[in-house]
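First up is the structure itself, then whatever we jot down about it.
The values are calculated or read from the model by the stated rules, or taken from the named source; none is laboratory data. None of these values were measured; they are calculated from a predicted model. Reconstructed Cβ throughout: ideal geometry from the backbone, glycine too, with neighbour counts over all protein chains shown. In case anyone asks, the SASA skips ligands and DNA or RNA and just uses the protein heavy atoms, side chains included. Shrake-Rupley method; radii C 1.70, N 1.55, O 1.52, S 1.80 Å.
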Amino acid sequence: MSAIRSLVLAAALLNVLATAVAAEVTVEKDVPKHAKARFFERVQAGELADAIAHRGQAVDVKPGKYHLRVPCDSMKLGSFVDITVTIDDNSRTRLRLQECGVQVDSH
């Protein structure tokens with residue numbers, strides 16, 4: 001009986017710890033002005049791909065630095081810019097993808 005209780009307490013503690021190191025990211029749904037077709041599909045987001053696929057919805061991610069390649073067709077058709085976005089612990093971050101960039105609002 002005591003082993004089961006310890007196991008339940010350990011699972012609850014792990015759940016609290018996992019929640020404590022999470023952050024919330026929301027990617028704006030609006031397509032940037034002057035963006036070429038399939039803008040969001042062309043963004044290379046690595047571990048933030050799920051947040052881009054679920055634009056407009058909050059997605060939990062691990063805090064840390066994320067690398068994005070954002071289309072920049074206004075400079076040269078088919079070109080990209082490399083951007084690093086830092087997501088802090090327990091933050092709520094809103095990403096507004098723009099042609100050739102990202103606007104980050106975090107609180």
### Query
Which condition does ASP73 not pass, out of (1) at pLDDT below 95; (2) part of a helix (DSSP H, G or I); (3) open to solvent by less than 60 Å² (accessible area, probe 1.4 Å), if it passes all the others?
(2)
### Message
Being assigned to a strand (DSSP E or B), at pLDDT 95 or above, basic (Lys, Arg) and surrounded by 12 or more Cβ atoms within 10 Å (Cβ to Cβ) is the requirement here; does ARG55 meet it?
### Response
no
### All positions within the range 19-36 that are without any contact (Cβ under 8 Å) to a residue 60 or more places away in the chain and open to solvent by less than 80 Å² (accessible area, probe 1.4 Å)
none
### Message
Being more than 15 Å from VAL104 (Cα to Cα) and part of a strand (DSSP E or B) is the requirement here; does ASP60 meet it?
### Response
yes
### Task
Give the range 57-92 a look and list any residue that's closer than 16 Å to VAL43 by Cβ and of a type in the set (Ser, Thr, Tyr), or say none.
TYR66, SER74, SER79, THR84
